[in-house]
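See structure below.
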Amino acid sequence: MLISKHYLRLMTGFLFCSTLLAAQDNRPKNIILFIGDGMGIAQITAGRTVKGKLELERFRDLGLLITHSADNYLTDSAAGATALATGEKTYNGAIGVDVDKKPLKTVLEYAEQAGKATGLISTSSVTHATPASFAAHVDSRKKDNEIAEGMSRSGVDVLIGGGLAYFLPASAEGSKRDDELDLLSRLAKPQQIVRTAEAFRAYSGKEKLVALLADKHMGKADERPLTLKEMTRKAIEILSQDEDGFFLMVEGSQIDWGGHGNDTEYIIMEMVDFDAAVGEGLDFAESNGETLVIVTADHETGGFSLEKGSVAEHKVEKGDFTTNYHTAEMVPLFAAGPSARLLTGIHQNTHVGTVMISLIK
Ligand code: MG
Ligand code: ZN
């Protein structure tokens with residue numbers, strides 16, 4: 001009994017490794033990972049009802065991810081993003097560290113090591129749990145200043161989102177730091193740093209871009225001066241200049257906040273904004289031919305369900321919620337491009353990190 005179980009496990013491991021090895025002929029040059037924070041099936045369906053047709057419908061390879069963290073049936077976004085970024089489960093609140101608070105090497109760091117360009121986009125502060133877990137190693141998601149410091153040393157080339165206050169020295173207006181570190185100057189040259197949507201649109205640099213467009217989080221989709229699609233396009237324009245390829249993570253951060261607020265309209269607006277950005281990634285991948293695009297979520301938020309609506313009128317008339325926190329349901333995964341097949345099926349969330357890292361290493 002024991003022997004056969006062990007044998008089975010060996011065989012499964014062997015099959016998995018040989019699948020990965022076989023896929024290396026099919027290694028993507030670039031990887032774009034889209035994370036819809038809090039995006040479950042109901043959130044996607046609500047977006048589809050209103051938008052009519054989603055960019056997500058262009059994918060042919062789909063899967064499901066099991067989201068629990070190392071210490072909780074319900075993951076938070078820190079443990080969730082750390083699993084996606086590193087291939088390891090950790091405790092809720094952990095930013096790029098394992099259950100013993102030791103740093104875990106992230107896909108972004110592997111990409112840097114491989115000479116690729118890297119980017120992170122978020123509509124929250126870039127120090128918030130999801131983007132932070134790709135470029136910092138801190139024992140608690142609450143330590144924005146430490147996270148900003150870690151990110152400033154990560155080598156990330158394109159950083160777009162909110163969170164300016166954590167990168168400014170204490171003496172600068174609007175700073176939330178308690179030291180005089182000037183983290184912006186570690187990240188980029190002055191001419192590569194923008195703070196407004198106007199400057200963002202006018203920016204034509206081809207090497208790096210640090211666009212911190214709010215002191216903390218950016219506003220809701222209908223208040224933001226830039227769509228996630230515009231941010232994604234600019235990031236790809238810059239990152240794709242690198243002949244070694246790139247890794248880019250794009251987060252639709254506030255789908256989650258709509259769920260926490262049990263606010264159907266907020267969820268839909270964020271879902272539609274996120275989906276358009278996914279379309280931008282797919283357009284690039286289709287023309288480029290060497291880009292793996294992955295879309296998934298860290299967890300579902302709200303226990304959201306759709307109870308009344310109209311397909312013909314493109315409206316959700318009644319959404320309902322079971323909680324104002326996260327739920328444990330599996331989340332969908334979509335993949336396209338070289339090696340997309342490796343991501344189909346039902347997997348732990350760590351599988352995404354494991355596969356991305358194996359394709360980059
Ligand atoms: Mg997030
Ligand atoms: Zn949340």
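With every protein chain kept in the model, how would you rank M330, M356 by accessible area, 1.4 Å probe, largest at the top?
Values: M330 80, M356 0 Å².
Putting M330, M356 in descending order of accessible area: M330, M356.
If you scale each eigenvalue of the Cα gyration tensor by 5 and take the root, what three semi-axes come out for the range 227-271, rounded to whole angstrom and sorted largest first? List each step's numbers first, then the result.
Working: eigenvalues 184, 19, 4 Å².
Rounded to whole Å, the semi-axes are 30, 10, 5.
With each pseudo-label sitting 7 Å past Cα toward Cβ, what's the A114-T45 distance in nm, one decimal?
In this crude spin-label approximation the distance works out to 3.7 nm.
Quick one: give the max-minus-min coordinate of the C-alpha atoms of the range 37-106 along each principal axis, largest first, in Å.
46, 21, 16
Compute, for the range 126-175, the length of the dipole vector about the Cα centre, with Cβ point charges of +1 (Lys, Arg) and -1 (Asp, Glu) only. Units Debye, rounded to 20. It would help to have the intermediate numbers written out before the result.
Details: 4 positive and 6 negative charges, 26 e Å.
Once rounded to the nearest 20, the dipole reads 120 debye.
With only Lys, Arg, Asp and Glu charged, each at its Cβ (+1 for the first two, -1 for the last two), find how big the charge dipole of the chain is about the Cα centre; round to the nearest 20 debye.
Working: 37 positive and 50 negative charges, 145 e Å.
The calculated dipole for the chain is roughly 700 debye.
Let me see the pair-distance distribution of the range 249-336: every alpha carbon pair, 5 Å bin width, integer percents in order.
3, 13, 20, 21, 18, 13, 8, 4, 1
Rg to Rh for the range 185-281: what is it, with Cα atoms only and Rh by Kirkwood? Let's see the in-between values first.
Numbers: Rg = 14.5 Å, Rh = 14.6 Å.
Across the range 185-281, the Cα-based Rg/Rh ratio is 1.00.
Rounded to the nearest 0.05, what FRET efficiency do E198 and E57 have when you use their Cβ-Cβ distance and R0 = 35 Å?
Details: r = 34 Å, r/R0 = 0.97.
It comes to 0.55.
Have a look at F284, F167, F34 and tell me which one the Gaussian network model of the chain (Cα, springs below 10 Å) gives the largest fluctuation.
Result for the chain, Cα springs under 10 Å: F284 fluctuates most.
What number comes out for the charge environment of Y203, summing +1 per Lys or Arg and -1 per Asp or Glu over other residues with Cβ under 13 Å away?
Numbers: positive: K189, R195, R201, K206, K208, R233, K234; negative: E198, E207, E230, E237.
With Lys, Arg at +1 and Asp, Glu at -1, the neighbours total +3.
Would you please name the GluC sites (Glu not before Pro) within the range 240-285 that are DSSP coil residues with at most 12 other C-beta atoms within 10 Å of their C-beta? Mind dumping the intermediate values first?
Numbers: sites: E243, E251, E265, E270, E280; in loops: E243.
Qualifying residues, ordered by number: E243.
Give the residue from V107, G155, T354 lying farthest towards the positive end of the charge dipole for the chain; charges sit on Cβ (+1 for Lys and Arg, -1 for Asp and Glu) and the dipole is referred to the Cα centre.
Result: T354, furthest along the dipole toward the positive end.
Kirkwood hydrodynamic radius, the range 29-183, all distinct C-alpha pairs: what's the number in Å? Don't jump to the answer; show the numbers that get you there.
On the way: mean 1/r = 0.0600 Å⁻¹.
Averaging 1/r across every pair of different Cα atoms and inverting gives 16.7 Å.
Treating the Cα atoms of the range 285-354 as identical point scatterers in vacuum, please give the log10 of the normalised Debye intensity I(q)/I(0) at q = 0.13, 0.20 Å⁻¹, two decimals.
Calculated log10 I(q)/I(0) at the listed q: -0.59, -0.90.
May I ask you to give the solvent-accessible area per residue for the chain, in square angstrom, as obtained with a 1.4 angstrom probe?
Numbers: 14910 Å² over 361 residues.
Roughly 41 Å² per residue, with all protein chains present.
Which of A202, N72, F59 sits farthest toward the positive end of the charge dipole of the chain, with +1 on the Cβ of Lys and Arg and -1 on the Cβ of Asp and Glu?
So the residue furthest toward the plus end is F59.
Tell me, what are the semi-axes, in whole angstrom and largest first, of the equivalent ellipsoid of the range 137-186 as set by the roots of 5 times the Cα gyration tensor eigenvalues?
Whole-Å semi-axes of the equivalent ellipsoid: 16, 14, 10.
Going out from 0 in 10 Å bins, what whole percent of all Cα-Cα distances in the chain drops into each bin?
6, 26, 36, 23, 8, 1, 0
Among P338, P169, P190, which one shows the biggest mean-square fluctuation in a GNM of the chain, springs joining Cα atoms closer than 10 Å?
Residue with maximal mean-square fluctuation among P338, P169, P190: P190.
Using a 1.4 Å probe on the protein heavy atoms, what percent of the accessible area of the range 124-266 belongs to carbon and sulfur? The partial results should precede the final answer.
Details: 2530 of 5710 Å².
C and S fraction of accessible area: 44 percent.
Extension gain K361-N26, at 0.36 nm per residue separation less the Cα-Cα distance, in nm? Walk me through the intermediate numbers first.
Details: separation 335, 0.36 × 335 = 120.60 nm, distance 1.35 nm.
That pair, K361 and N26, stretches by 119.3 nm at full extension.
Among S185, S175, V138, whose Cα projects farthest towards the positive end of the dipole of the range 97-189, with charges put on the beta-carbon of Lys, Arg (+1) and Asp, Glu (-1)?
The one lying farthest along the dipole's positive direction is V138.
Leaving ligands, DNA and RNA out of it, report the carbon-plus-sulfur percent of the accessible area of the range 306-361 at a 1.4 Å probe.
Values: 1420 of 2680 Å².
Result for the range 306-361: 53 percent of the exposed heavy-atom area is carbon or sulfur.
What order, most packed first, do the peptides 80-88, 52-60 have when packing is the mean number of other Cβ atoms within 10 Å of each residue? Before the final figure, lay out the partial values.
Numbers: 80-88: 28.6, 52-60: 15.3.
So the peptides 80-88, 52-60, ranked by packing, come out 80-88, 52-60.
Report the residue, chosen from G281, G150, G289, that carries the largest GNM mean-square fluctuation when the chain is represented by alpha-carbon nodes joined by springs under 10 Å.
Of G281, G150, G289, the most mobile in the Gaussian network model is G289.
Lys pairs in the range 153-247, Cα-Cα under 18 Å, at least 8 apart or on separate chains: how many?
Total qualifying Lys-Lys pairs in the range 153-247 comes to 7.
What does the charge count near S122 come to, summing +1 for each Lys or Arg and -1 for each Asp or Glu among other residues with Cβ under 11 Å from its Cβ?
My count for the surroundings of S122 gives -2.
The values are calculated or read from the model by the stated rules, or taken from the named source; none is laboratory data. These numbers were taken from a predicted model, which means no experiment stands behind them. No Cβ is skipped: glycine too gets one built from the backbone with ideal geometry, and neighbour counts run over all protein chains shown. Just the protein is used for accessible areas: all its heavy atoms, side chains included, with ligands, DNA and RNA removed. Shrake-Rupley method; radii C 1.70, N 1.55, O 1.52, S 1.80 Å.
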